[in-house]
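Scroll down for the structure; my scribbles are underneath it.
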Amino acid sequence: MILIDGKKAAAELRAELKEEVAELRSKHNKVPGLTVILIGDLTPSQIYVRNKEKSANEVGLKSEVIKYPDTVEEKTVLEKIQELNSDETVSGILVQLPLPKHIDKQKVIEAIDPSKDVDGFHPMNVGNLSSGYESSIPCTPLGCYLLIKKIEPNLNGKKAVIVGRSNLNGKPMTQLLLKENCTVTITHSKTKDLKAECLEADIIVAAVGIPELVRGDWVKKDAVVIDVGINKTDSGIVGDVHFDEVSKNAKALTPVPGGVGPMTIACLLKNTIDCFKRSQIK
Ligand code: NAD
């Protein structure tokens, strides 16, 4: 079984991005900039943002974190986004989710200029992705896609089963694999026989949030299995895939931690650089 090393893949991607930033610096005399807005003091969000900032600095991006208390008014956040939209030194804007209840997530996402939407959540980017046009692609599915391509460079005609239909993971993942000519089945909480669906799959991407849902006897021999889940349990962090069981059947599997997680941040940096490059063409 191939253990898909997301940490290593992310380090390789960051090294490539670092070179690209250096080239952009010498060509344009400026570097891409990432601005993250962090609202409130949720510990996981603070950790994510710290890691994003650290990685951005490592590859040479200009990075900035704007922090607000969780009592901040929605209007203040929307005004800040408008200011960042017209700031030429800002290539990418990310508002760390989740937001406090009194702030409308959709309003915030839609306020971000689609050309600076490094999370790929703006409806314009969602639509472009599903139409097969150029767009920002949500970072986690993009990371999964890059890991899958390392194992299976030619995905033509492969059967892919996506477990979970979230806007963040399952739906964009489906679009990416459709673009690669996979036959894609998207499953969810109302799917009748999830095991039977998974048993058909050459590629499984599990993004559910249920610890070890995907079992060893759900997976065809030689399937590539990508585990997006991050679930806190009494025995530590586990994915949505039963690692010990599935590793006995699968051709390749991502571990949790050390699989998809590190790729998510590397893809955020990639998206920031891609936004910058597109802005220079205009
Ligand atoms: P979500 O809660 O938004 O969506 C979960 C999806 O799973 C839903 O579409 C639901 O229909 C489906 N589902 C629920 N129960 C099911 C069942 N029994 N069978 C089949 N489908 C079922 O979740 P999300 O935001 O997509 O996150 C999923 C997991 O991925 C979580 O564990 C989250 O922590 C993790 N995650 C990891 C990363 C990363 O970088 N590795 C990034 C984002 C999310």
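The values are calculated or read from the model by the stated rules, or taken from the named source; none is laboratory data. Being a predicted model, the structure only gives us computed values, none of them experimental. Ideal geometry is used to build each Cβ from the backbone, glycine not excepted, and the neighbour counts take in all protein chains shown. Please note that ligands, DNA and RNA were not included when accessible areas were found on the heavy atoms of the full protein model with its side chains. Shrake-Rupley method; radii C 1.70, N 1.55, O 1.52, S 1.80 Å.
In debye, nearest 20, what is the charge dipole magnitude of the chain about its Cα centre with +1 on Lys and Arg Cβ and -1 on Asp and Glu Cβ, if you could check?
That gives a dipole near 360 debye.
What residue among G132, A10, P257 has its Cα farthest toward the positive end of the dipole of the chain, where the charges are +1 on Lys, Arg and -1 on Asp, Glu, each on the Cβ?
Checked the options; the winner is G132.
Quick check: with the 1.4 Å probe, what order do Y133, Y68, Y48 take by accessible area, largest first?
The ranking, largest first, comes out as Y133, Y48, Y68.
For segment 139-204, run through the trypsin sites (Lys or Arg not before Pro) and keep only the ones in DSSP coil with at most 11 other Cβ atoms within 10 Å of their Cβ.
Here the sparse-neighbourhood loop sites are K190, K192.
Using the Karplus curve 6.51 cos²θ - 1.76 cosθ + 1.60 with θ = phi - 60°, what ³J(HN,Hα) values do you get for each residue of segment 106-122, in whole Hz, with x for Gly and Pro?
Karplus-based 3J(HN,Hα) across segment 106-122 equals 5, 4, 5, 4, 6, 6, 6, 4, x, 6, 10, 7, 6, 8, x, 9, 4 Hz.
Evaluate the Debye formula for the chain with equal point scatterers sitting on the alpha carbons, no solvent, and hand back log10 of I(q)/I(0) at q = 0.12, 0.13, 0.15, 0.17 Å⁻¹, in q order, two decimals.
For the requested q values the scattering log ratios are -0.76, -0.89, -1.15, -1.39.
In the chain, what percent of the accessible surface is made up of carbon and sulfur (1.4 Å probe, ligands and nucleic acids excluded)?
Carbon and sulfur together cover 51 percent of it.
Over segment 224-282, give the accessible area per residue in Å² for a 1.4 Å probe, as an integer.
With the other protein chains kept in place, segment 224-282 gives 41 Å² per residue.
Looking at segment 30-118, which trypsin sites (Lys or Arg not before Pro) are DSSP coil and have at most 15 other C-beta atoms within 10 Å of their C-beta?
Answer by residue number: K30, K101.
Restricting attention to segment 81-130, which GluC sites (Glu not before Pro) occupy a DSSP loop and are surrounded by at most 16 other Cβ atoms within 10 Å?
Answer in residue order: E88.
Looking at segment 134-272, send over the antiparallel percent of its DSSP beta bridges, to the nearest 5.
15 percent
Going by amide H atoms built from the backbone, whose H comes under 5 Å of the H on I66, apart from near neighbours?
For I66, whose amide H was placed from the backbone, the distant partners under 5 Å are V36, I37, L38.
Considering only protein heavy atoms, with the full assembly of protein chains and a 1.4 angstrom probe, order T43, T185, T272 by accessible area, largest first.
The ordering from most to least exposed comes out as T43, T185, T272.
Which ³J(HN,Hα) values in Hz, rounded to whole numbers, follow from the phi angles of segment 153-159 under the Karplus curve 6.51 cos²θ - 1.76 cosθ + 1.60, where θ = phi - 60° and Gly and Pro get x?
Computed from phi, the couplings for segment 153-159 are x, 10, 9, 3, x, 6, 8 Hz.
Sum up the charges of everything whose Cβ sits under 13 Å from the Cβ of E83, counting Lys and Arg as +1 and Asp and Glu as -1, but leave E83 out.
Around E83, the surrounding residues sum to -2.
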